[in-house]
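The values are calculated or read from the model by the stated rules, or taken from the named source; none is laboratory data. The structure displayed is predicted, hence computed values, not measured ones. Glycine also receives a Cβ, built like all others from the backbone with ideal geometry; neighbour counts cover every protein chain displayed. With ligands, DNA and RNA removed, areas are computed over all heavy atoms of the protein, side chains included. Shrake-Rupley method; radii C 1.70, N 1.55, O 1.52, S 1.80 Å.
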Amino acid sequence: MLSLRNYRNSLDNSNSHEFDFPQFESFDDLPLKPRGTLDQATQAAKLSVLSVDMRVTENKANHITDKYKNSNLIVRRNKEFTIIIQFDRDFDEQQDNVQMEFLIGSAPDEKKGTHIIISIGKQTLDVSWKCRVVKIEGKNVTVGITADASCIVGRFRTFVTVVSNLGKQRTPKNPDTDMYVLFNPWDPEDQVYIEKDEDRQEYVLNDVGVIYNGEFNNVTTRSWNYGQFEEGILDACLLVLDAGKVPLVYRGNATQVVRQASALMNAQDDDGVLVGNWSGDYTDGTSPTAWTGSTEILLKYSSTGASPVLFAQCWVFAGVLNTFLRCLGMPARVITNFCSAHDNNGNIKTDIMLDEDGKMDKEKTRDSIWNYHCWNEVYMKRPDLPERFWGWQVVDSTPQETSDGLYRCGPTSVYAMKEGELSYQFDSRFVFAELNSDVIYHQSDKNGKSKIIFVDTAYVGKLIVTKMCNGNEYEDITSNYKYPESSLKERKAMQMAENSGVAARDYYPLTEAGVDIELHADVIKMGEDFKLNINIKNQTTQKCTIHIALTGCVVFYTGVTSSTFKFENKDATVEPSQTETVQISIEAVEYMPYLVEQSNLLFVVYGRVEELNQSLSALRVVSLQPPELIIKVTGTPQVGKEFMVNVEFLNPYNLILKDVQLRLEGPRLIQTKMKKYRQIFPGSSIKYKETIIPLVHGKKTLMACLDCPSLRQVTNQIEIEVLKATDNLVTTATVGA
């Protein structure tokens with residue numbers, strides 16, 4: 001495997017042997033006599049290229065690529081950039097024949113769009129890229145070049161070639177004149193064009209984001225450093241495509257790039273970027289909850305020669321894929337779907353199995369509902385779909401199920417999901433199930449026979465969010481994916497889905513009990529006792545007696561149960577048209593010994609209405625809040641001057657925290673710093689200090705994360721305003737959520 005540096009060198013060194021026709025570095029090598037008169041040939045031969053100025057600073061500013069920490073020229077498709085060629089004599093546009101050549105890959109081919117030849121002088125070539133002479137000032141020629149709106153995205157090698165009757169004289173290979181071509185969301189002709197500038201600022205240019213987790217009644221956040229402009233990240237993203245052997249002909253098509261990237265972010269069936277791990281054992285790598293951003297992951301991937309990085313879960317896959325997409329110029333955002341069903345067989349049903357006493361049977365309950373699940377959306381035209389399905393597309397790189405033989409998902413149209421039109425590619429049925437599965441409660445009798453006792457059509461896809469533009473609050477985009485529950489349009493969408501092959505709801509109609517059960521708990525800190533409220537609403541005209549069975553389980557955020565820690569029976573009598581609340585006490589000593597990472601408790605309640613001979617059920621996940629991680633800034637952050645960051649943590653538990661990692665990261669402020677602590681005793685605290693000298697002014701985000709096997713998801717972030725070197729204003733820091 002190649003390191004990133006060797007990978008780039010291999011590209012640089014491959015320029016001299018990648019042609020199907022002979023090339024000559026000097027006219028002395030020519031095997032044929034020149035055509036035309038000797039004077040003509042001699043005159044043409046006298047023209048030589050002295051230098052090529054790629055005008056990197058000016059072009060990058062014009063193409064909005066100046067944030068990339070990369071010394072080479074970076075341009076966007078279908079937008080002109082200019083270069084200045086200096087010759088050894090005055091250039092004659094009518095007599096001299098000069099070509100620009102742009103090559104990509106190991107076997108450039110004009111027919112495949114991997115070898116672009118455009119003419120500067122008298123000869124006219126029929127090519128998709130555009131070229132014009134902007135200005136001639138004696139020996140200096142300014143040339144304007146426009147890459148085609150659908151050209152391959154990647155790193156091109158650049159040559160200037162003088163053509164005469166004697167042959168071709170090409171400039172030597174020079175990595176400094178290599179250039180990168182990216183997608184162009186500013187141009188209506190590009191496949192990824194997005195109209196609003198505020199969307200481009202957020203979904204292409206913003207290199208820091210917020211990923212939402214927790215549960216739908218208690219949404220929590222973690223900042224994420226996308227870092228798409230950091231040094232080495234662009235090359236790392238292109239290395240992902242090369243290591244995955246994505247054909248160059250695919251790389252101009254956003255649909256294909258997104259689909260390939262969906263597979264290549266995970267290493268489930270290839271040497272992708274990240275290895276998924278939900279076991280709780282991360283001995284050989286980094287816990288998914290410990291990462292603070294994508295840059296550390298992608299740079300580690302590239303520096304180890306495209307070796308998969310250990311480990312990831314859904315938000316890590318989504319965060320890194322978001323970096324990849326934005327880095328290449330595609331509008332992209334991270335989505336969180338709360339109560340996300342993992343439908344193994346695509347029947348749009350999630351089955352919860354209860355025994356005869358109403359206790360959840362975790363051995364027979366094989367479907368799961370993820371507390372939350374993160375995926376991505378990318379904005380693009382889809383020429384393979386009707387135009388109404390263009391726009392935001394779901395793409396998911398978390399390895400759950402295979403698609404066309406690989407662990408990948410999408411792109412699939414968000415609007416098609418909403419309309420239930422599932423016959424279009426890719427993986428629409430799987431995504432539809434994540435959003436719309438019915439939760440079906442089955443109860444077994446003494447003989448082991450089961451029957452459906454209750455169906456909840458509203459639990460899955462409860463809340464779908466993403467970061468709003470110009471803010472850290474979440475935007476509720478549930479209505480982008482689905483119509484209101486039980487509305488006429490929702491029923492039409494479900495009918496359309498059934499027409500597309502989704503199994504019909506053959507368990508309807510079920511007799512309504514007229515009694516509703518709802519579970520509620522306040523925000524709970526891990527290690528606290530709390531009350532779980534069971535609200536029983538009697539919508540009938542008679543008094544009802546309800547027998548309740550409550551099961552409490554410790555679960556992973558994927559909905560997979562770990563241990564059952566509580567089972568309790570209660571009875572309640574509710575008057576007509578009234579609501580009664582049954583409280584059940586949950587003590588920390590009951591659940592603390594069984595906690596797994598991310599500290600989620602699942603409660604399933606089964607109710608039997610005696611007078612109506614009806615059953616009903618409900619479930620609720622309670623996310624326990626971890627202890628606080630404190631970030632403080634000392635001094636005034638100003639370009640070129642030191643200021644101090646202090647990170648503090650107190651262990652509030654009666655257990656020793658072992659093998660603790662503390663990460664601190666600030667995009668365009670400080671690279672990832674990691675401090676390890678062998679153990680933190682009960683009641684003890686740690687204080688970590690770091691000195692920072694800012695190089696760039698403006699609003700910046702510092703994020704910190706503490707992680708150990710006994711305690712996950714301890715994060716915090718702080719926003720600071722870095723002043724210019726000449727400013728003397730007071731700077732305030734705001735602690736994030």
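Listed by position, the strands (runs of 3 or more DSSP E) inside the range 154-210 whose residues that are among the aromatic types (Phe, Trp, Tyr) number at least 1 are 154-164, 179-182. The strands (runs of 3 or more DSSP E) located wholly in the range 46-90 that include 1 or more residues which are touching a strand residue (DSSP E or B) at 6+ places or on another chain (Cβ under 7 Å), of a type in the set (S, T, N, Q) and touching a residue at least 60 places away in the same chain (Cβ under 8 Å) occupy 80-87. The single condition among (1) more than 30 Å from residue 454 (Cβ to Cβ); (2) open to solvent by 70 Å² or more (accessible area, probe 1.4 Å) that residue 682 does not meet is (2). In summary, residue 149 fulfils each of the numbered conditions (1) of a type outside the set (Phe, Trp, Tyr); (2) modelled with pLDDT under 95; (3) closer than 23 Å to residue 258 by Cβ with the single exception of condition (2). Does residue 459 qualify as being in a loop (DSSP other than H, G, I, E, B), in contact with a helix residue (DSSP H, G or I) (Cβ under 6 Å, 6 or more places away or on another chain) and not β-branched (Val, Ile, Thr)? When the stated conditions are applied, residue 459 does not pass them.
Among the numbered conditions (1) under 30 Å from residue 187 (Cβ atoms); (2) open to solvent by 10 Å² or more (accessible area, probe 1.4 Å); (3) assigned to a helix (DSSP H, G or I), the only one that residue 261 does not meet is (2).
Answer with yes or no whether residue 480 is touching a residue at least 24 places away in the same chain (Cβ under 8 Å), outside any loop (DSSP other than H, G, I, E, B), open to solvent by 30 Å² or more (accessible area, probe 1.4 Å) and within 30 Å of residue 699 (Cβ to Cβ). Answer is yes for this residue.
Condition check: closer than 28 Å to residue 374 by Cβ, more than 31 Å from the chain's Cα centre (by Cα) and either charged (D, E, K, R) or open to solvent by less than 70 Å² (accessible area, probe 1.4 Å) (or both). Does residue 444 satisfy that?
no
The condition of being surrounded by 15 or more Cβ atoms within 10 Å (Cβ to Cβ) and either among the acidic types (Asp, Glu) or farther than 26 Å from residue 287 by Cβ (or both) holds for only one of 642, 665, that being 665.
In a residue-by-residue description of the range 178-187, the property of being closer than 24 Å to residue 257 by Cβ, open to solvent by 20 Å² or more (accessible area, probe 1.4 Å) and of a type outside the set (Phe, Trp, Tyr) applies to at least one position. Restricting to the range 217-234, name every residue that is surrounded by fewer than 21 Cβ atoms within 10 Å (Cβ to Cβ) and among the charged types (D, E, K, R). If the condition is that a residue be surrounded by fewer than 21 Cβ atoms within 10 Å (Cβ to Cβ) and among the charged types (D, E, K, R), then 231 is the only one that fits.
The rows are residues; the columns are (1) under 19 Å from residue 253 (Cα atoms); (2) within 18 Å of the chain's Cα centre (by Cα); (3) surrounded by 24 or more Cβ atoms within 10 Å (Cβ to Cβ).
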position: 366; (1), (2), (3): no, no, no
position: 373; (1), (2), (3): no, yes, yes
position: 380; (1), (2), (3): yes, yes, yes
position: 383; (1), (2), (3): yes, no, no
position: 393; (1), (2), (3): yes, yes, yes
position: 398; (1), (2), (3): no, yes, yes
position: 402; (1), (2), (3): no, no, no
position: 405; (1), (2), (3): no, no, no
position: 408; (1), (2), (3): yes, yes, yes
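Criterion applied to 121, 138 was being free of Cβ contacts under 8 Å to residues at least 60 places away in the same chain, open to solvent by less than 20 Å² (accessible area, probe 1.4 Å) and more than 24 Å from residue 185 (Cα to Cα), and the one residue passing it is 121.
For the range 571-672, the strands (runs of 3 or more DSSP E) that sit wholly inside it and include 3 or more residues that are closer than 30 Å to residue 533 by Cβ are 579-586, 600-609, 614-625. Selection of the range 540-566 for residues being farther than 12 Å from residue 607 by Cα, surrounded by 15 or more Cβ atoms within 10 Å (Cβ to Cβ) and more than 39 Å from the chain's Cα centre (by Cα) yields only 540. Number of residues in the range 243-258 that are part of a helix (DSSP H, G or I), open to solvent by less than 30 Å² (accessible area, probe 1.4 Å) and either under 17 Å from residue 407 (Cβ atoms) or among the acidic types (Asp, Glu) (or both) equals 1.
Tell me which residues, restricted to the range 115-153, are part of a strand (DSSP E or B) and either among the aromatic types (Phe, Trp, Tyr) or more than 27 Å from residue 238 (Cβ to Cβ) (or both). Selection gives 119, 132, 133, 134, 135, 136, 137, 140, 141, 142. On the given criteria, is residue 180 within 16 Å of the chain's Cα centre (by Cα), hydroxyl-bearing (Ser, Thr, Tyr) and modelled with pLDDT of 95 or more? Answer is no for this residue.
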